[in-house]
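Engineer: Sharing a structure here in structure tokens format.
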Amino acid sequence: MAGRVKDEDIAVVRDRTSITDVVSETVTLRSAGGGNMKGLCPFHDEKSPSFNVSPARGVYYCHGCGQGGDAIKFLMDAEHLTFIESVERLASRAGIQLRYDTDTSKPSGPRPPSGQKQRLIAAHATAVDFYREQLGTPGARKAREFLAERGFGRDAAERYGCGFAPDSWDALSKHLRLKGFTAEELVTAGLSKHARSGSLIDRFRRRLLWPIREVTGDTIGFGARKLFDDDDGPKYLNTPETPLYKKSHVLYGLDHAKREIAKRGRAVIVEGYTDVMACHEAGEPTAVATCGTAFGVDHIQVLRRLLMDSDSFTGEIIYTFDGDAAGQKAALRAFEEDQRFVGRTFIAVSPGNMDPCDLRLARGDLAVRDMIAGREPLVDFALRHTIGRFDLDTVEGRVEAMRKAAPLVAKIKDREKRPEYARKLAGDLGMDLEPVQRAVNNALRGEAAQQPAPRAKSAPDSPQRLVEREALKLALQEPVLAGPMFDAVGTENYGDAVLQAVREAITDAGGVQSAATGGAVWIEKVRDACADMGGQMLVGELAVEPLYFDGQVDPRYVQVTLARLQGGALATRIRDLKSKVQRLNPVAHKDQYLALAGELFSLEQQARALRDQAAGAM
């Protein structure tokens, strides 16, 4: 294994990497003003966007959870890569040939990935190519027929990477071993398994395969469909849980759909691989599907980040379920999770209870688009099917239906809609509004009792703290302008311990004068030099926080800010000194009184000079 990557190559990777492009593969970003971008944090669940990206400086910071750093750190946190794996991933994207300290000769070609995750991803990429080639062989006729019968020709199969696992116990395993992958890597990846005899055999055999990719486009697993009657396995078989593949987090088709989801502000949830293909081929490219599991909380978080589903911007989530009992049950279960979305949720049920793939075959592309266009609010569907289980011709049936339906009305996120839905429910039940409204209110009180108490908001920063933060922001964001002026103003001018720690870290990093150009390299250098954990988080926060200056920052603004910083610190010292002087008896403590009075006079002169400096700079 080669040694560490040369520092100058890491710097080149940072310089040539657009952090916006890297983050946008996971998070939908929108303008936050001042050249910054914002979105929903990928590292914790939130309703309003607090995740900020500064393209100019190549850094990100979340004001909600405190995660921050550059593009390398983002990949480490978002994809659980090591530092070297992140550097190698970004270098590959940018076409940069990395050099390693232990290398003694000029590299002749790209260095293979060394970390486990990169090795497993490489094994999957090789498996995709292998399976795709197999789809064209005589033994894969059944797989090709399956796709053709569902309206997918060679081009569609190629677009979605469809493949075929041949009628062999170890064809893929042998192929990957010849490519240099170890038996342990293949088992860990879920591509192979050990037979009872101890030999290595393929996970999939005689099946049609779909590669399952994460949002970045890397294949992390496969979905396999049974083709032959003598196959005694399940109809669909997926990759088992691995270091790469977590079925509760994965949505099939997301790599194809992510940009359209962000662009159109909606996502369509379907039930299977062919349904995703059918929707995309029919002109609805926002369709995704779960992989062998119910649509759950983790899937919701993935989509919310792409939709930027927040208090200020809401998208649409459209579920497509069969109209049968199982589909109705799935839809009602989806409504239970509905409050996790800020956006509007809908359900689209096709005529004749056909899934999107069957509907496209029977009635064409337009019918699929019409089905989705004809969606109805999920709450309407949930209410209709809830009260439909009761005999509304009897008093008992109406009361029981009201008891079951009232909590659904109480869960509607938009409180202004609740009274209207209560009226609608009363009308559907044939009851007076008063008992229905009372049942809804009782359900609301029950919901409120289960909610945790809101956290108290912290007091706003004082004017002096805001000036201190502004000075540090200038040092981090505009080091070329701040330069010697900043370095000349010491730590004693900062009254907050965490701000002091950041100021000391700037000195330990060589001072602002040492930052040739600034950007991510300088910010990371300061963060690394900060021994205080709170200070490390604050460095990331200040690196993306907008300056209190509308326009292009110039040396005059730096001068004004630093003058105000020192002036505020002096004002505090003057106030303390005045208090001390007033407590002294000028007769009993004449010498001490005169010394303090002289010091006070000197400080007041300095303060006046700083005020004049700030005014002159303006």
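The values are calculated or read from the model by the stated rules, or taken from the named source; none is laboratory data. Just so we're clear, the structure is a prediction, and the values are computed from it rather than from any experiment. Heads up, the Cβs are rebuilt from the backbone with ideal geometry, glycines too, and the neighbour counts pull from every protein chain shown.
Engineer: Provide a single number: the residues in segment 147-170 that are in a helix (DSSP H, G or I) and closer than 18 Å to K226 by Cα.
Structural biologist: Total meeting the criteria: 4.
Engineer: Now for a separate question. Checking T394 against (1) closer than 27 Å to G296 by Cβ; (2) at pLDDT 85 or above; (3) hydroxyl-bearing (S, T, Y), only one condition comes out false. Which one?
Structural biologist: (1)
Engineer: Turning to a different aspect of this structure: Under 6 Å by Cβ, and 6 or more places apart or on different chains, what pairs join a residue from segment 397-420 that is under 19 Å from D432 (Cβ atoms) with one that is part of a helix (DSSP H, G or I) and acidic (D, E)?
Structural biologist: Cβ pairs passing all conditions: A410/E447.
Engineer: Further, regarding this structure: Can you tell me which residue in segment 48-94 is surrounded by the fewest Cβ atoms within 10 Å (Cβ to Cβ), limited to those that are of a type in the set (V, I, T) and outside any helix (DSSP H, G or I)?
Structural biologist: Top of the filtered list is T82.
Engineer: A further question follows. Could you check D218 against (1) surrounded by fewer than 20 Cβ atoms within 10 Å (Cβ to Cβ); (2) within 19 Å of I121 (Cβ to Cβ); (3) in contact with a His (Cβ under 8 Å, 6 or more places away or on another chain); (4) not assigned by TED's automatic domain parsing to the domain that holds H175 and say which number it fails?
Structural biologist: The single condition D218 does not satisfy is (4).
Engineer: So, one more: Taking the criterion of being closer than 27 Å to L307 by Cα and either surrounded by fewer than 22 Cβ atoms within 10 Å (Cβ to Cβ) or in contact with a Cys (Cβ under 7 Å, 6 or more places away or on another chain) (or both), would at least one residue in segment 353-361 satisfy it?
Structural biologist: Scanning segment 353-361, I find at least one residue that is closer than 27 Å to L307 by Cα and either surrounded by fewer than 22 Cβ atoms within 10 Å (Cβ to Cβ) or in contact with a Cys (Cβ under 7 Å, 6 or more places away or on another chain) (or both), so the answer is yes.
Engineer: Which condition from (1) in contact with a Lys or Arg (Cβ under 8 Å, 6 or more places away or on another chain); (2) crowded, with 24+ Cβ neighbours inside 10 Å is the one that K258 breaks?
Structural biologist: It is condition (1) that K258 fails.
Engineer: Right, another one. Checking I72 against (1) at pLDDT 85 or above; (2) farther than 18 Å from V539 by Cβ, which single condition isn't satisfied?
Structural biologist: (2) is the only condition that I72 fails.
Engineer: Looking only at residues that are in a loop (DSSP other than H, G, I, E, B) and surrounded by fewer than 21 Cβ atoms within 10 Å (Cβ to Cβ) in segment 181-205, which one is farthest from the chain's Cα centre (by Cα)?
Structural biologist: Ranking the candidates gives S197 first.
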